[in-house]
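The values are calculated or read from the model by the stated rules, or taken from the named source; none is laboratory data. Fair warning: this is a prediction, and the values are worked out from it, not measured in the lab. Please note: Cβ atoms are built from the backbone with ideal geometry, for glycine as well, and neighbour counts cover all protein chains shown. To get the accessible areas, we keep the full protein, side chains included, count just its heavy atoms, and leave off ligands, DNA and RNA. Shrake-Rupley method; radii C 1.70, N 1.55, O 1.52, S 1.80 Å.
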Amino acid sequence: HSKGMRFGIYSDAGIKTCGGYEGSYGHAQIDAETFADWGVDYVKLDGCWITLDAIINPHAPFEDAYTAFGNALRNVSRPMVYS
């Protein structure tokens, strides 16, 4: 921030990221709070590893997970761009 740059972070709405690291599924609020504490300006959220239910009903799990994370971001003290 001191150099005029913005800080972005990547996470996933599923249990793992596309690269196999821990995702935000089940702990969106704590992740949003952590990102706010770290001074994050931009959050990129992928949808890998959401659930096996996505094969049967492809829209519901994604919609629920993205909405939950968006709500979590609205409940923290720092505004962040959400993508």
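Being assigned to a loop (DSSP other than H, G, I, E, B) and polar (S, T, N, Q) is the filter here; which residues of segment 15-42 pass it?
Thr17, Ser24, listed by residue number.
Any idea which of Pro58, Pro79 is modelled with pLDDT of 85 or more and outside any helix (DSSP H, G or I)?
Checking each option against the conditions leaves just Pro79.
Counting just the residues of segment 8-23 that are hydroxyl-bearing (Ser, Thr, Tyr) and out of contact with any strand residue (DSSP E or B) (no Cβ under 6 Å at 6 or more places or on another chain), which one comes out most open to solvent (accessible area, probe 1.4 Å)?
Within segment 8-23, the match that is most open to solvent (accessible area, probe 1.4 Å) is Tyr21.
As an exercise: evaluate Met5 against (1) under 11 Å from the mean Cα position of the chain (by Cα); (2) open to solvent by 80 Å² or more (accessible area, probe 1.4 Å) and give the number of the one condition it does not meet.
(1)
Restricting to segment 24-39, and then to whatever is closer than 15 Å to Thr51 by Cβ and at pLDDT 90 or above, can you tell me which residue is least open to solvent (accessible area, probe 1.4 Å)?
Ser24
Go through (1) modelled with pLDDT under 90; (2) of a type in the set (Ser, Thr, Tyr); (3) out of contact with any helix residue (DSSP H, G or I) (no Cβ under 9 Å at 6 or more places or on another chain) one by one and return the number of the condition Thr51 breaks.
Condition not satisfied by Thr51: (3).
Which one of these does Asp46 not meet: (1) open to solvent by 90 Å² or more (accessible area, probe 1.4 Å); (2) touching a residue at least 24 places away in the same chain (Cβ under 8 Å)?
(1)
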